Amino acid sequence: METVTLKVFRFDPEKDKIPYYRDYEVPVEGTLLNALLYIKENLDPTISFRAFCRSEVCGSCSVRVNGKTKLACKTPMKELVKTWKGKPLRIDPLNHMKVIRDLVVDIDKPIEKMKTLIPWLVPDPRVVPSDPRHESIIYPEEMELYKDQIHCMLCFSCYSACEAVEDNERYRGPFAFSKAYRFQVDRRDIETAKEKRIRYSISGGLWSCVQCQKCIHVCPKGVKPAEDIQNLRGQAVKKGFTDKPGAKKLKHYVDWIYATGQINRLYLPEEVYGNKEARKKLTEEYERMGIEVWEVPKPTKGLMKFRDIYLEILSREDKALELDFSHVRKIDKMVSDIFKADICTIVDRAHQNNRKSKGLIGKLKGLLGGSDD
Amino acid sequence: MIKVGFYQGCCFQGQDAHMFETMKEVFRMIDVELELLEETTCCGGNTIDEENRKLSYAINARNIALAEAKGLDMLISCNTCYMVIAKAKNALDNNKKLRDEINELLKEEGLEYRGTNKIYHLLDFFRDVVGYDRIRKAVKRPLKGWKVGAYYGCHVLYPKHTAIDDGDNPSSLQEVLKALGAEVIDDYEAKDTCCGYHAFFTDKTMTMKKLNRILGSVKKAGVDIVATPCPLCFKSFDIYQLQMENPPMVPSAFLPELMAYAFGLDKRKSGLGHHLIEVKKE
Amino acid sequence: MLEYDIVIVGGGGAGLYAALWAAENTILKVAVMTKVYPTRSHTGAAEGGINAVLTHSVGDSPEAHAYDTVKGSDFLADQDAVDIMCKMGAAVIYDIAHRGVPFSRRPDGRIAQRPFGGASFPRTCYAADKTGFYILQTLYEQCLKNNVTFLNEWFLLSIIHNGERVEGLTAWDIRNGGVHLIKTKAVILATGGHGRVYWNRTSNALGNTGDGTAAALRAGLPLKDMEFIQFHPTGLAKTGILVTEGARGEGGFLRNKDGERFMKRYAPEKMELAPRDIVARAIQTEIDEGRGCGPEGDYVYLDLTHLGEEKINERLPQTREHAILYEGVDPVKEPIPVAPTAHYSMGGIDTDKMGRTKIKGLYAAGECACISVHGANRLGGNSLLDILVFGRLTALEAVKYADEAPETTPSLAKQKDDERRILELMENDGKESLAELRRELGNVMIKHFGVFREESTMKQGIEKLYEIRERAKHVKVHDTSKRFNTDLISVLEFLNLVDLSLPIAIAAIERKESRGAHARKDYPNRDDKNFLKHSIVTLKEDGDYQLSWKPVTITKFPPEERKY
Ligand SMILES: Cc1cc2nc3c(=O)[nH]c(=O)nc-3n(C[C@H](O)[C@H](O)[C@H](O)COP(=O)(O)OP(=O)(O)OC[C@H]3O[C@@H](n4cnc5c(N)ncnc54)[C@H](O)[C@@H]3O)c2cc1C
Ligand code: SF4
Ligand code: SF4
Ligand code: FES
């Protein structure tokens, strides 16, 4: 029978001064949980880990394999051996939580953190009847809004993998934000609770998430915390919490992309942090190296149509920010000052240049919008 | 000659416009013609999603449609652009209602998202289309004696459904670096730590802490330079590093720059000469 | 010594709902003690749904629900209890829906209901295919909201009473180690089922070991109807993990080793869609008569290959994933090996219709209790209703009781006892291996007290069980650490299984009839004249068991033949 070595993290604070690894030879068969149970039954009954349902519903059995968070009962041994090309598999407890013993970690802290985000329904009496004999009506479409979030089984895989948890003690954790967001989009939840969740999310590190996507990657249940964090950020900005850098960054993106199809990295420090020096310094630095610096991106020919689409979507959808047209006009002016023409003319010129230089008229016919077509 | 549509995003214009010329040159040397997808716009940088997710999908449906209209697959050289566009593609391919709604808007510009063409990031393009052999053959100045730290960045590895390599134990970057003749260092402690780029304008301290981890760790591993296939990670290393309290001054490179240099271009032309943190290694 | 007014042991659906109703209705000190974090309890594995007659259930009525339940129980359920449960259905569903359970909805926004086995109307409310999971998560959220005190990862050892009233509990703090004495006026046992008696032939979680039931037995409380164990027809062959009924619903075939769709011989019309117990018996018959598949001939095939990859991926993604993960078989390409698997414990701690035991202040609710609303056979979707209804009722009873009950003074003796017992477990000769003996117990149970039962094999079985009980004294806890000692927990759980195996066996052998899930080859018919009664097993001072009988409460529905 094919076997592989598991190097299992062992630590009993009662007995061991420092953690150590112990090697176990296990069959390459079934899941990682089977392998751990195999060790416990046949090789070493003193090893401690958590497991309960053995069929990926209870969230007990997350561990790390060579540093990567895995739900043990959902991870085939064959797959591990393939991924790590036969190398020994180092099994560690989850990260970011205190080790109680061996592979068992203290999950009270993330639960406490989650609690601060009001991860429960606070019924709005106007929607939820106070008489328990009456039903509150919910349409199937409404439930689409939180269909992924409700799958969270509190396995803390994402908490273990999270970059923000790693470097921000206060950070509530990916799952906690997903749990919170689930109620933010539930019509039955009262507005005041929604407001509080946003407040507490912000103080709980909402803007510290680095958007690394690891939480989505490791979640065994298809929850997408990183995206819920984006959703919550949007709600925060919409609710008027616009003083944070992240909110200003969003404004930069919304306005500049609409205006020019691009963001403008030269202006970001100024618009977000009020740092006017940065643009100057960077420009000087590049010029010193002989690089030409364009202060604004050159508009391309599809720009006007792009703007139409952009506006159309924003007019239909729920959004965080309104487009700031005075800002857009300012950008337009910068563009026309630099390119010595108004924005429409520049776009028209882009069309013509394109034809001349590439002679693609035939090919692109029909693709091109704009008056000169 | 393979022809592919090149999506520039925000990283190949303005002060970075010269990088596109380098890219074109590098790809020409491995028999790939890059056709710039000029009318494309910013992918939204994974930030427009905060404004509205559908806006992000629409912008990128348009971006992809522009490549499809030319009958070209799309090559994306930025991890974040890649992920954002791949997520949009995923959503559009799996949701007819969304696709129809957005196509209705694209119609005005004579565009349609069909989902017929592929999107690639540099790494899977090298692996699946170009082949490492061709890269190896193009090398004129092997990076012999260069200890290069392989740094992937997050958005090509996570999340699973858009990843271009095995997020747990990836190999596509090492392969390219090996083909260039470099000595690859891929087991430093912070190899999986996020570069922090996207937090720079939301919570700067996060970026600084991330850089501290990564750069401290590569330094400890004794690398000459950190190489990344993501222009944003590169910016984080080259620009934001200078904002650290005690910058360790670890040089870094955007992967195509190293390729250019190994393919025989000089330091300036390869882009390696334009870094804020000087690349001294010859 | 920890002190509470009410301790709820168990953080599954029954325990959490009890906690919630207690928390909202009293200022007494209430704590939930659970050996795993609440959301990990087995209630989270319930997929199918929860039965209740709602205001928009056209044509249906609580009486119809009660009738179906009683008929399903093969008339062994106590009809007064069934009546309470069915009448409270809507109230419970609306209550948990108002608290956030994401029930699937009809286009008009009302809670959707679907047909389920044994029900005369579509009355099973569901939340996608994870009903129990969502209920458990929602109840936990609500408990957090109400600041319920949790003793997470504490293991109940013993119940302390003075013959009249409950006085307290002893428990092992899993995280830090140590036997604790807990003083409390009232205790609600909600520790779930004991399917693990069948060790690797059960759909139950690793920890469904009937700890509360065993503790009650040891504390002198009677257990009721223990012989009734519901077998689900399709558990994965290697692990017993459930393959949902949906797999047959979508058109899966059952085949024996000759490739024959054998259901045509058992239920020619309904074929694979016949009721659970009929399918389970059919499969078992095939296996027993040598038409099983595999080297041991101990399973049959559930064949989905003809459904095609697309349909399997779309309708049965979980089934495919589980078959690949846990059985190493891809149902798109190969048939899935399945066999009946122990699924639900109808029997349990004997209580009256309000969940009261014979000891004042001691209540039982949920799968560990036998109230009895399921009688000889539980209908799908009735258990989730049972745990909620009686979780809530026992909470209100306990609040009422604890409000007025006198202070208790639990003696230290039990704590000393338990400490000694644990020490002994760590110090015995260790001649027997836990893993082996546990497997043996499971094998004996499935072989001798499985889907079919018969005097002669059961007799042999009982002997083996007594033998296992003796050998179990030599199972040693090798891990001597106090901290998160899972070796100790496993041994304690195993000993509980041993304690519960004999009551099952003894009641089974004495029930000389076939009723509900209890199918005897030697007595193939129901015998209302002699056995329309509950079996009761108690533990005597000398360590042996005593069997007695107790009448069934019959109100509206006189026994009739159970025919579908
Ligand atoms: C796979 C499967 C599917 C099912 N599907 C359905 C369905 O669709 N519909 C339906 O109605 N029923 C279904 N059932 C049955 C139903 O899920 C259970 O009967 C029900 O959930 C039991 O709930 P409970 O609260 O009594 O116990 P559990 O949920 O099992 O909880 C028991 C609790 O007791 C605690 N506990 C146990 N021992 C100790 C101890 N020694 N010390 C401290 N705490 C302890 C545990 O930690 C746990 O919190 C299904 C069962 C299974 C196995
Ligand atoms: S995306 Fe944000 S929440 Fe998710 S793991 Fe990364 S830092 Fe944590
Ligand atoms: S979001 Fe996913 S990974 Fe995180 S705790 Fe919930 S189920 Fe686990
Ligand atoms: S054991 Fe329950 S999720 Fe793995």
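The values are calculated or read from the model by the stated rules, or taken from the named source; none is laboratory data. Please read all numbers here as calculations on a predicted model, not as lab measurements. Please note: Cβ atoms are built from the backbone with ideal geometry, for glycine as well, and neighbour counts cover all protein chains shown. Note: areas computed on protein heavy atoms with side chains; ligands, DNA, RNA excluded. Shrake-Rupley method; radii C 1.70, N 1.55, O 1.52, S 1.80 Å.
Taken along its three principal axes, the alpha carbon spread of the range C:172-269 comes to 60, 31, 22 Å, from the longest extent down to the shortest. Shielding by partners for peptide A:34-40, expressed as the average number of C-beta atoms from other protein chains within 10 Å of each residue's C-beta, is 2.
Taking a straight Cα-Cα cut-off under 20 Å and skipping sequence neighbours fewer than 8 places away in the same chain, the aspartates and glutamates within cross-link reach of B:Lys267 are A:Glu285, A:Glu287, A:Glu292, B:Asp16, B:Glu21, B:Glu25, B:Glu183, B:Asp224, B:Asp238, B:Glu257, B:Glu278, B:Glu282. Inverting the pair-averaged 1/r between distinct Cα atoms of the range C:271-314 gives 11.9 Å as its Kirkwood hydrodynamic radius.
If you take the square roots of the eigenvalues of the alpha-carbon gyration tensor of the range C:1-152 and sort them as a ≥ b ≥ c, do you get rounded (a/c under 1.5), prolate (a/b over b/c) or oblate? Judged from the Cα gyration tensor, the range C:1-152 comes out prolate (a/c at least 1.5, a/b above b/c). Considering only protein heavy atoms and a 1.4 Å probe, what is the carbon-and-sulfur percentage of the accessible area of the protein assembly as shown? Answer for the protein assembly as shown is 50 percent, counting heavy atoms of protein chains only. Think of a 1.4 Å ball rolled over the protein heavy atoms: the range B:140-274 then has 33 Å² of accessible area per residue.
The residues of the range B:2-122 expose, per residue, 29 Å² of accessible area to a 1.4 Å probe. Each peptide in C:441-449, A:284-292 was scored by the mean count of other Cβ atoms within 10 Å over its residues; highest first, the order is C:441-449, A:284-292.
When chain A is treated as a Gaussian network with alpha carbon springs shorter than 10 Å, the biggest mean-square fluctuation among A:Tyr181, A:Tyr139, A:Tyr24 belongs to A:Tyr139.
The alpha carbon gyration tensor of the range B:2-122 gives principal lengths a ≥ b ≥ c with a/c of 1.5 or higher and a/b greater than b/c, which makes the shape prolate.
Highest mobility in the GNM of chain A, judged by mean-square fluctuation with C-alpha springs under 10 Å and restricted to A:Thr75, A:Thr116, A:Thr46, is found for A:Thr46. Run a plain Debye calculation on chain B (Cα atoms as equal point scatterers, no solvent) and give log10 I(q)/I(0) at q = 0.12, 0.13, 0.15 Å⁻¹, rounded to two decimals, same order as the q list. Summing over Cα pairs of chain B leads to -0.73, -0.85, -1.13. In loop segments of the range C:300-375 as defined by DSSP, the trypsin sites (Lys or Arg not before Pro) with at most 11 further C-beta atoms inside 10 Å of their C-beta are C:Lys333. Rounded to the nearest angstrom and listed largest first, the equivalent-ellipsoid semi-axes of the range C:402-525 from its Cα gyration tensor are 33, 23, 11. Taking chain A, the Cys residues with no second Cys beta-carbon under 4.7 angstrom are A:Cys61, A:Cys73, A:Cys152, A:Cys155, A:Cys162, A:Cys209, A:Cys219, A:Cys344. Excluding ligands, DNA and RNA, the accessible surface per residue across chain C is 34 Å² with a 1.4 Å probe. Classify the range A:245-368: rounded, prolate or oblate, from the alpha-carbon gyration tensor (a ≥ b ≥ c, eigenvalue square roots; a/c under 1.5 rounded; otherwise prolate if a/b is larger than b/c)? Oblate, because a/c is 1.5 or more while a/b does not exceed b/c.
Note on the range B:2-122: lysine pairs with Cα distance below 18 Å, sequence gap of 8 or more or different chains, count 19. The range C:257-329 and the range B:109-165 have Cα centres spaced 46 Å apart.
Taking B:Thr47, B:Thr207, B:Thr162 as the candidate residues, the one with maximal mean-square fluctuation in a Gaussian network model of chain B, Cα springs under 10 Å, is B:Thr47. Taking other residues whose beta carbon is less than 15 angstrom from the beta carbon of C:Ile111, and scoring Lys, Arg as +1 and Asp, Glu as -1, yields +3.
For the protein assembly as shown, DSSP calls about 55 percent of its internal beta bridges antiparallel. How about A:Lys340: which lysines have a C-alpha closer than 17 Å to its C-alpha, ignoring those fewer than 8 places off in the same chain? Cross-link targets: A:Lys298, A:Lys301, A:Lys330.
Taking the convex hull of the alpha carbon positions in the range A:3-105 and averaging its projected area over all directions gives 6.1 nm².
What is the Cα centroid distance between the range A:253-313 and the range A:26-81, reported in whole angstrom? Cα centres, the range A:253-313 to the range A:26-81: 50 Å.
Altogether, the Stokes-Einstein calculation at 10 °C and 1.306 mPa s, with the Kirkwood radius of chain A over Cα pairs as Rh, returns a diffusion coefficient of 64 µm²/s.
In the range B:140-274 the Cα-Cα distances spread across 5 Å bins starting at 0 as 2, 11, 21, 24, 21, 14, 7, 1, 0 percent of all pairs. Within straight-line reach of C:Lys270, meaning a Cα separation under 24 Å, sit the following lysines at least 8 residues removed in sequence or on another chain: C:Lys71, C:Lys257, C:Lys311, C:Lys521, C:Lys563. Checking every one of the GluC sites (Glu not before Pro) in the range C:324-418 against DSSP loop status and a limit of 10 other Cβ atoms within 10 Å picks out C:Glu407. Peptide packing for C:469-476, C:4-11 was compared via the average number of neighbouring C-beta atoms within 10 Å per residue; ordered from the highest value, the list is C:4-11, C:469-476.
Taking one quarter of the surface of the C-alpha convex hull of the range A:108-238 gives a mean projected area of 8.1 nm².
Solvent-accessible area lost on pairing B with A (1.4 Å probe, both sides summed) amounts to about 6900 Å². Rg and Dmax of the range C:237-341, based on Cα coordinates, read 12.6, 36 Å.
Database remark: amide H of C:Arg515 closer than 5 angstrom to the amide H of C:Arg520 (H placed geometrically; neighbours at sequence offset of 5 or more, or on other chains; Pro and chain starts carry no H).
Solvent-accessible area lost on pairing C with A (1.4 Å probe, both sides summed) amounts to about 5300 Å².
Rounded to the nearest Hz, the phi-derived 3J(HN,Hα) couplings of the range A:328-339 under the Karplus curve 6.51 cos²θ - 1.76 cosθ + 1.60 (θ = phi - 60°) are 4, 4, 4, 5, 3, 5, 4, 4, 6, 5, 6, 9, where x marks glycine and proline. Computed over chain C, the Cα gyration tensor eigenvalues convert (square root of 5λ each) into semi-axes of 34, 28, 23 Å, ordered from largest to smallest. If we count every other residue with Cβ under 11 angstrom of C:Met271's Cβ, Lys/Arg +1 and Asp/Glu -1, where does the sum land? Surrounding charge for C:Met271 is +3. Measuring between their Cα centroids, the range C:1-77 and the range C:428-499 lie 30 Å from each other.
Legend: mean number of C-beta atoms from other chains within 10 angstrom of residue C-beta atoms, peptide C:96-108, equals 5. Listed cross-link partners A:Lys82/B:Lys281; A:Lys74/A:Lys224; A:Lys70/A:Lys249; A:Lys70/B:Lys191; C:Lys35/C:Lys476 are compared with a 25 Å cut-off, the Cα-Cα value being larger for A:Lys82/B:Lys281; A:Lys70/A:Lys249. A Stokes-Einstein calculation at 37 °C with viscosity 0.692 mPa s, built on the Kirkwood radius of the protein assembly as shown over Cα pairs, returns a diffusion coefficient of 100 µm²/s.
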